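Below: one structure, written as structure tokens.
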Amino acid sequence: MLSLTSGTELRRFGRGRLPRLAVAAMLLVPLLYGALYLWAFWDPTGHLDAMPVALVNADAGADRDGTRVTAGQDLTDELTDGAALDWVVTDAADAAAGVRDGDYYFAVTIPADFSADLVSAAATNRPPRRSTSPTTTPTPSSAPRSGVRPWTTCATVSRRPPASRPWTRC
């Protein structure tokens, strides 16, 4: 019976060129996979400023105590001044076509009665019923053609689904 020790087994890898290459490959492949993984997920929100999003301001404004209130325009100015997303101010038809064609990731519409709802909420001390309405791309394959890597989100379906239904639906 031949007894092998770890020292003799490890010495075999140093004798020829091919065993040395095999050891190098066994060390480099996991290192490359790890580096690629870190590079891919290092800063997932770092390039959101290059993500085109349509913004439709349909707000007509409102009057409160003789003062003109344009909350929709104020919100539009705040969103476009910030660098969080690439906001593109457009009309409703262009936003719908852009979302459908994949030019925008999604569209946010500020409704026509946005300022009126805020003025009435301030007068009655009750919050308005709605504020904005987002429009998303119909399928994950319709991601914009802007050089930004496409991504999808998942929504929670329910807290305790039946065993036949998954927790999330993408």
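The values are calculated or read from the model by the stated rules, or taken from the named source; none is laboratory data. Quantities reported herein were computed from a predicted structural model and do not represent experimental measurements. All Cβ positions, glycine included, derive from the backbone under ideal geometry; neighbour counts span all protein chains shown.
Which of the numbered conditions does T90 fail, given that it passes all the others? Conditions: (1) within 13 Å of P52 (Cα to Cα); (2) modelled with pLDDT under 90; (3) of a type outside the set (D, E, K, R).
(2)
Select, from L18, L31, the only residue that is outside the structural domain of Y104 (by TED's automatic domain parsing) and either at pLDDT 90 or above or in contact with a strand residue (DSSP E or B) (Cβ under 7 Å, 6 or more places away or on another chain) (or both).
Details: L18 fails: either at pLDDT 90 or above or in contact with a strand residue (DSSP E or B) (Cβ under 7 Å, 6 or more places away or on another chain) (or both).
None of the other options fit; the residue is L31.
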